[in-house]
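Here the structure comes first, spelled out in structure tokens, and everything after it is commentary.
The values are calculated or read from the model by the stated rules, or taken from the named source; none is laboratory data. Values in this document were obtained by computation on a predicted structure and should not be read as measured data. Cβ placement follows ideal geometry from the backbone for every residue including glycine, while neighbour counts extend to all protein chains displayed. These area figures cover heavy atoms from the full protein model, side chains too; ligands, DNA and RNA do not enter into them. Shrake-Rupley method; radii C 1.70, N 1.55, O 1.52, S 1.80 Å.
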Amino acid sequence: MSIKTPKSKSTIMNKQSAKKPYLLAIATTALMTALSMTSVATQGAGLGELFSKNSAQQSKFLPVDKAFQVTSRTKAVTKGTQLSIVFNITPGHYVYKDKLTLSFPKGISAAPFTFSESPVSINDPTFGKVVVFTQKTIVATTMLTTKNGKAAKNVPVMIGWQGCAKAGLCYPPEKIKTTLNIAVKR
């Protein structure tokens with residue numbers, strides 16, 4: 001014969017309490033998933049609106065290639081090749097001086113940049129106090145040479161730079177690939 005004893009209230013409460021964390025975890029996960037999906041959709045729509053060309057409304061910000069036209073040119077000189085990077089900057093935009101970089105293979109060296117215009121210091125909302133170029137046209141010039149003193153052909157060079165709109169948009173860093181010959185005149 002078996003005797004059934006009634007379960008105490010504390011045993012029943014412990015089993016119910018044990019289920020609550022699982023329910024709480026499931027509810028929290030569902031809520032976080034829903035919020036993150038809403039956030040991503042909202043962010044996507046927001047970014048789309050920044051650059052949309054809806055006929056009813058003009059875009060708030062220019063695409064990067066319209067805000068900044070960047071070209072490069074080279075000139076063979078006695079000790080190597082002079083590389084000039086020309087920035088045509090749309091009014092209301094600026095280029096960071098310290099974000100202008102060059103990447104090239106080992107065996108190549110570059111002199112520090114010289115600039116056609118003087119930069120100005122601003123308090124940038126993204127980077128704080130920085131030095132930028134706001135002029136319509138800026139030319140950054142450097143001298144590329146080979147470390148062995150010999151000419152080099154088809155040298156790959158990556159030009160990096162970044163700019164912003166004064167209205168509040170910081171464009172992502174940009175990169176331009178080019179190849180050039182490093183001459184050695186005698």
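Database remark: amide H of K166 closer than 5 angstrom to the amide H of H93, Y94 (H placed geometrically; neighbours at sequence offset of 5 or more, or on other chains; Pro and chain starts carry no H). Measuring with a 1.4 angstrom probe and ignoring ligands and nucleic acids, V120 comes out at about 60 Å² accessible. Over all orientations, the stretch 88-132 has a Cα convex hull whose mean projected area works out to 4.5 square nanometres. Positive contributions from Lys and Arg (+1) and negative ones from Asp and Glu (-1), summed over other residues with Cβ under 15 Å from the Cβ of A111, come out at +3. Of the cross-linked pairs K66/K129; K106/K129; K79/K129; K75/K166, those separated by over 31 Å at the C-alpha level are K106/K129; K79/K129; K75/K166. From the alpha carbon centroid of the stretch 144-184 to that of the stretch 61-80 is 9 Å.
In order along the stretch 144-161, phi translates into HN-Hα couplings of 9, 9, 9, 6, 8, x, 9, 5, 9, 10, 6, 7, x, 10, 10, 9, x, 7 Hz, rounded to whole numbers, per the Karplus curve 6.51 cos²θ - 1.76 cosθ + 1.60 with θ = phi - 60° and x for Gly and Pro. Remark: the stretch 56-135 is approximated by an ellipsoid whose semi-axes, taken from the C-alpha gyration tensor as √(5λ), come to 29, 17, 12 Å, largest first.
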